[in-house]
Amino acid sequence: MPLKQPRQVALVTGAGSPDGIGFAVAQLLAEAGYCVAISATSARIHDRLAELGPGHAAFTADLTDSAAANDLVAKVQDTFGPVTILVNNAGMVQTGRRDRLSRIEATRDDDWQRQFALNLTTAFNMTRAVLPAMQAAGYGRIVNVASVTGPLVTIERTAGYSAAKSAMCGLTRTTALENARHGITCNAVLPGWIATGSSSPREITAGRRSPAGRPGTPAEVAAACAFLASPGASYVNGAMLVVDGANALVEMK
């Protein structure tokens, strides 16, 4: 007899961009019938809520701040009930801020710390905030949107980003190991070249040179996230699912 699952309440962070991975995940989970809460650092998240339709919720929060992360989780619980699915997509870029790229010896302290705050601390803060309720329920799905950059490959002048995304995979594995007996899974999705609103022309060109002959789409990454967030992925835990059109497999370039 299948286990009865709690009411599915999904929280997707970093969902403010209309053509980004976060919002694509939110749309797919909403279509699957979940109550979806979305967050971003700017008020544009309310435009995304209007596109999702009734029955969902949107919040603004700077998730590099642990108090803000705790407050966000509390607000979602007050609105829908405990979070059963967390998709940690916040990171990479932040509205109104432009990152400086530099070689390791020229990297400033604040740039290094910012990359870890955006790409690792946000996921840590949110994971820590949702775990107690998931543990009490004996059920939970955590999906971290990492990157192939860092864990598998890298790019010059991205030491902070690469190191933070690699650390995100370490956080994923430890979370999975510590919580497997609680019915909680934690997995990571590692996108390659994906065409989003923040993609540069150089990144789109790189995607066209991949074995697939094109960059991926946010919907393709969202499909991987939705699978890992589903009840059917109950025995997939601590995995790193690469979504890059086989690009990381190419040795002879």
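Could you compute the FRET efficiency for Lys75 and Glu251, with r as their C-beta to C-beta distance and R0 at 51 Å, rounded to 0.05? Efficiency, rounded to the nearest 0.05: 0.60. Residue separation of His46 and Thr174 scaled by 0.36 nm, minus their Cα-Cα distance, works out to 42.7 nm of gained length.
Of the residues Ala43, Gly216, Phe59, the one whose Cα sits farthest toward the positive end of the charge dipole of the chain, with +1 on the Cβ of Lys and Arg and -1 on the Cβ of Asp and Glu, is Gly216. In the chain, the sites counted are GluC sites (Glu not before Pro) in DSSP loop states with at most 15 other Cβ atoms within 10 Å, and the longest stretch holding none of them, exclusive of the sites, is 1-155. With a cut-off of 18 Å on the backbone N, the residues of the stretch 43-78 near the modelled label site 7 Å out from Asp110 along Cα-Cβ are 64-65.
Helix 218-228 and the long axis of the chain differ in direction by around 50°, with both axes built from C-alpha atoms.
Remark: the Cα gyration tensor places the stretch 9-246 in the rounded category, a/c being less than 1.5.
Just so you know, all these numbers are worked out from the coordinates, no wet-lab data involved. This is a predicted model, so every value here is computed, not measured. Cβ coordinates were reconstructed from backbone atoms using ideal geometry, including for glycine residues, and neighbour counts include every protein chain displayed.
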